[in-house]
1. Taking R0 as 22 Å, what's the FRET efficiency between residue 184 and residue 58 from their Cβ-Cβ distance, rounded to 0.05?
2. Hand me the trypsin sites (Lys or Arg not before Pro) from the stretch 45-122 located in a DSSP loop with no more than 11 other Cβ atoms within 10 Å, in residue order please.
3. Give me the net charge of residue 178's neighbourhood, meaning all other residues with Cβ under 9 Å from the Cβ of residue 178; Lys, Arg count +1, Asp, Glu -1.
4. Between the alpha-carbon centers of the stretch 46-90 and the stretch 91-154, tell me the distance in whole angstrom.
5. Gaussian network model of the chain, Cα springs within a sub-10 Å range: biggest mean-square fluctuation belongs to which of 25, 67, 37?
6. Just to be sure I follow: if Rg is taken over the C-alpha atoms of the chain and Rh is the Kirkwood radius over the same atoms, what is Rg/Rh?
7. Pairing the Cα long axis of helix 80-130 with the longest principal axis of the chain, what angle in degrees results, from 0 to 90 and rounded to the nearest 10?
8. Using only Cα atoms, what is the ratio of the radius of gyration of the stretch 63-138 to 2.2 N^0.38 Å?
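Any read-out appearing in this document is the output of simple, stated calculations on the displayed coordinates, not a laboratory observation. Predicted, not measured: the structure shown is a model, and the values here were computed from it. When we count neighbours, we look across all protein chains shown, and the Cβ atoms used for this are built from the backbone with ideal geometry, even at glycine.
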Amino acid sequence: MFMNKKVTKKLDKIIDSNIDDKGNFIIDMMILDDESFISPFCGKAPVISSDVATYLDNAIKNVPPKFGVSLHITSDVVSKEKEEIHIESIRNYYRNEQKQLIRELVSNKLSAFIMFVIGLVVIATMIVLSLTNTSEIWITVLEIVGWVFVWEAVDTFFIERSKLKRDLLRANQFINAEVVFNRKK
């Protein structure tokens with residue numbers, strides 16, 4: 001489905017209205033309750049709560065990948081001393097996400113490679129058995145099994161991997177985000 005020029009211009013206008021002077025996409029956030037911002041279950045390094053993470057994850061879905069992020073937080077309940085802790089808790093959360101996504105990307109690549117090799121071995125076995133007096137049923141079963149493994153490898157590597165890379169890009173956008181605190185007016 002293609003968008004007409006009128007819709008494209010409206011989207012460009014919306015995107016342009018959310019860009020700051022540095023070319024970063026602005027995500028607005030308001031903190032009404034400071035107690036629920038940082039997770040009560042953090043270790044040495046503070047991290048944001050699951051509610052805050054859900055909000056930020058939903059907000060960044062509208063940010064085109066080519067933009068950096070500028071998070072504008074409006075609040076009267078966050079003290080100046082706590083602002084740095086809040087900024088660090090956002091970065092810590094997304095650094096943890098980044099580490100997890102990198103592990104998943106490595107695992108994804110390894111499992112895709114293993115499935116591809118298994119698929120090739122099964123198809124090669126099918127070809128060898130087709131040269132002997134093996135029943136056509138077993139040859140067909142091996143052919144199907146081999147192609148299923150090859151398809152799963154392709155699906156894992158190209159389709160699932162793109163989602164992981166997109167999530168990694170979003171985590172990096174928050175790690176590198178400019179965070180600005182504003183007071184309510």
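1. 0.45
2. Filter output for the stretch 45-122: 61, 66.
3. Net charge around residue 178: 0.
4. For the stretch 46-90 versus the stretch 91-154, the Cα centre distance is 39 Å.
5. 67
6. 1.21
7. 10
8. Rg over 2.2 N^0.38 Å, computed on Cα atoms: 2.29.
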